[in-house]
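As C-alpha cells, the structure follows; a few thoughts come after it.
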Amino acid sequence: MVLDDGSLPNISHRYVDARGLRMHIAEAGSGPPVLLLHGFPESWYSWRYQLTALADAGFHAVAPDQRGYCRTGPPGGPGQPSRVADYSILHLTGDVIALMDALGEQQAVVAGHDWGAAVAWHAALLRPDRIRGVIGLSVPYRPRGRAAPVAAMRAGIGEGFYMVYFQQPGVADEELNADRTATFRRVLTAGSGQGRLGIPVVPPGGGFLDLCPEPDALPGWLSSDHIDTYAAQYAESGFTGPLNWYRNLDRNWELTGAWQRAPVTVPALYLAGDRDLVVNFPGAREMIPRLKEFAPRLREPVLLDGCGHWTQQERPAEVSDAMIGFLRELA
C-alpha cells in the first residue's frame, strides 16, 4: 500500500509561490521556522519524522520538494522541459529565500541532508542576514576548490565516478526511471548502514544501479511502503530535474568565485553516520576535525555509530534530538 501524504498525522500540505516556482511543501507545528531540505534521490518525505518532532518541540517545520523534484517539478510546472542551467546553486539557494518570503519569515534556521545540505550551507554562506543557523546532515561545508570539479573528478577517480556518470544527458535519467520501485529499494538499501556501497564508481559499460545490488532483506528502518511512496512521488516529474543538480557542478564553481574560501559565519551543526559513504570517502574523515576552520561557529560534529547515508531516516530520534538541542541553544 502506498502511504498517502495525507495519512501522516499532523503534517499538512500546500503549494506556495516561490518567486514563480510552484513549490510543494509539507509542514507541521507553529513557532520559529525551520526549513528542511532533502537530498538525492528523496523528497520532503525523508523528513517525515523530524516534521512532527520539531512541531512537538515548538517549531514550525517546513519541508519542500525542491526544484525539479516530485510535486514541485521543474520551473514552469510538472511536464515542462527541464533546462540544466535552471538548477544552479544560485537558483537553489534563491528558492530557500523565496520560500521564506512566501512564508512571511525574515529569518529561519535551515537544515539539509545530502544535496540539501549543500544548499543549506550555501544559503548560510550567501545570505547570513536571513539564515539564523544551519544544520548539515551527511555533507559538511566544503569551501570552493581551486579548479572546476568535474575535470578534477575525472582525473582523480575516473570516468565511472557516479557524479561524472550523471553528467551524460538522459542516461541515468532513463536507468533510474525504468523501474522506480527497484531503484529506491536498491539505492536506499545500498547506501544505508547495512549496505555495501563503497566508492561509487560505475563499471565500464554498466550503470549506477550496478553499484546497488538487490538486497536479500530490507534494513529495519526501511519498509516496502516507504519505497512505494518514493516511487509514486517520482512518477510524474522523474529524475531529470534532480540529476540536473549534478550537471551544474562546474557552473556552480564558476558562479561562486567571489566566495573563494569564504567561511560560513552563522551557528552551525553537522551530523553524519559513521558508515556514510561521504564520511568514508578518502580523506573525508580526517577533514571532520578541521571543519571549524571553514565554519567557525560550528558545534562539535555528531557521528552516529552504525548509521549510513540516510541519516534522518535511519536514526530519526537521535537526529531530531540533536536538531532540537541546537535550535534551543539558538533561542
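Table for the structure above
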{"quantity": "Hits in region 227-251 - residues which are closer than 14 Å to residue 184 by Cα, touching a Phe, Trp or Tyr at 6+ places or on another chain (Cβ under 8 Å) and open to solvent by 20 Å² or more (accessible area, probe 1.4 Å)", "calculated": "233"}
{"quantity": "Residue match in region 248-263 (condition: of a type in the set (S, T, N, Q) and part of a helix (DSSP H, G or I))", "calculated": "yes"}
{"quantity": "Subset of region 252-265 (residues that are open to solvent by 30 Å² or more (accessible area, probe 1.4 Å) and in contact with a strand residue (DSSP E or B) (Cβ under 8 Å, 6 or more places away or on another chain))", "calculated": "none"}
{"quantity": "Residue within region 65-78 that is outside any strand (DSSP E or B), open to solvent by less than 30 Å² (accessible area, probe 1.4 Å) and among the polar types (S, T, N, Q) present", "calculated": "yes"}
{"quantity": "Residue that is nearest to residue 311 (Cα to Cα) [pool: residues in region 211-226 that are outside any loop (DSSP other than H, G, I, E, B) and open to solvent by less than 50 Å² (accessible area, probe 1.4 Å)]", "calculated": "226"}
{"quantity": "Conditions (1) under 28 Å from residue 236 (Cα atoms); (2) open to solvent by less than 60 Å² (accessible area, probe 1.4 Å); (3) touching a residue at least 40 places away in the same chain (Cβ under 8 Å); (4) in a helix (DSSP H, G or I); number of the one not met by residue 186", "calculated": "(3)"}
{"quantity": "Some residue of region 110-117 being farther than 20 Å from residue 331 by Cα, open to solvent by less than 10 Å² (accessible area, probe 1.4 Å) and in contact with a His (Cβ under 8 Å, 6 or more places away or on another chain)", "calculated": "yes"}
{"quantity": "Residue check for residue 275: of a type outside the set (A, V, I, L, M, F, W, C), within 18 Å of residue 136 (Cβ to Cβ), out of contact with any helix residue (DSSP H, G or I) (no Cβ under 6 Å at 6 or more places or on another chain) and open to solvent by 20 Å² or more (accessible area, probe 1.4 Å)", "calculated": "yes"}
{"quantity": "Scan of region 22-54 for residues that are farther than 23 Å from residue 189 by Cα, open to solvent by 10 Å² or more (accessible area, probe 1.4 Å) and not in a helix (DSSP H, G or I), ordered by number", "calculated": "22, 27, 29, 30, 31, 32, 33"}
{"quantity": "Residues that are open to solvent by 40 Å² or more (accessible area, probe 1.4 Å) and outside any helix (DSSP H, G or I), drawn from region 302-331", "calculated": "302, 303, 305, 315, 331"}
{"quantity": "Restricting region 79-118 to residues that are without any contact (Cβ under 8 Å) to a residue 60 or more places away in the chain and of a type in the set (A, V, I, L, M), the residue that is farthest from residue 32 (Cα to Cα)", "calculated": "118"}
{"quantity": "Flag if residue 142 is touching a residue at least 40 places away in the same chain (Cβ under 8 Å), open to solvent by 60 Å² or more (accessible area, probe 1.4 Å) and in a strand (DSSP E or B)", "calculated": "no"}
{"quantity": "Lone qualifier among 191, 170, 206 - being at positive phi and at pLDDT 95 or above", "calculated": "170"}
{"quantity": "Test: residue in region 6-14 that is more than 15 Å from the chain's Cα centre (by Cα), surrounded by 15 or more Cβ atoms within 10 Å (Cβ to Cβ) and in a helix (DSSP H, G or I)", "calculated": "no"}
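The values are calculated or read from the model by the stated rules, or taken from the named source; none is laboratory data. From a predicted model like this one, the values you see are computed outputs, not experimental measurements. Cβ atoms come from the backbone with ideal geometry, glycine included; neighbour counts cover every protein chain shown. Note: accessible area is taken over every heavy atom of the protein model, side chains too, but ligands, DNA and RNA are not part of it. Shrake-Rupley method; radii C 1.70, N 1.55, O 1.52, S 1.80 Å.
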